[in-house]
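Below is one structure, written out as structure tokens, with a few remarks after it.
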Amino acid sequence: MNAIANLANLTDERLLIEAAQHDPSRFAELYESNFHRVYAFVARRTAGREEAQDVTAEVFHQALRNIGRFQWRGVPFAAWLLRIAANALADRWQRSARNVEIPSDVPMEDHAADSGEVERRAMLFELVDRLPDDQRMVVMRRFVDQKSIREIAQEFLRSEGAIKQLQLRALRNLRTRLRSHHE
């Protein structure tokens, strides 16, 4: 019976998406049914309520702007919204990493060590950012958010084996890119 209910929910959701694609004012229904999930996802990954609200608003604004490009693949709409949220968070983290300032009261020899570390982190962020979306998201969830394989699999609606494969490919890609960057 649960499978039938899930199928009915997906069918209803698909109809809502199609309606929003033809009439953006219908997006409100998708917003209402997904707001709490997106906000909770963002709030667990941000420093405060105000930032969580800003990112959540950004997610829904971007989703509304791109609803016409959304293609139904039988996956809950929330998965698409969570991917947008994860990308928005990753962008914010990258911007904040680039804006790291070294206090002026730190001795100069410490500046060299700190700036080297900042450069390494910036390079790593850049390399992670260049990964394919699914690999980047797995790396961010696994190593930034410190999520388990099981948690990531549930969030992405994939098997644990698929998440392990994505993580393996991402780490191989990063290793290859790091080697070529150092050569």
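Could you tell me which residue of the stretch 133-183 is farthest from residue 77 (Cα to Cα), considering only residues that are part of a helix (DSSP H, G or I) and acidic (Asp, Glu)? Step by step, filter the stretch 133-183, then rank; the result is 160. Filtered by the rule that a residue be closer than 13 Å to residue 173 by Cα and either of a type in the set (D, E, K, R) or out of contact with any helix residue (DSSP H, G or I) (no Cβ under 8 Å at 6 or more places or on another chain) (or both), the stretch 134-162 gives 134, 136.
If only residues of the stretch 61-94 that are more than 21 Å from residue 141 (Cα to Cα) and not in a helix (DSSP H, G or I) are counted, the one that is nearest to the chain's Cα centre (by Cα) is 70. Being modelled with pLDDT of 80 or more and more than 22 Å from residue 75 (Cα to Cα) is a condition met by no residue of the stretch 104-116.
The values are calculated or read from the model by the stated rules, or taken from the named source; none is laboratory data. The structure presented is a predicted model; accordingly, all values stated were derived computationally and were not measured. Note that each Cβ is placed from the backbone with ideal geometry, even for glycine, and that neighbours are counted across all protein chains shown.
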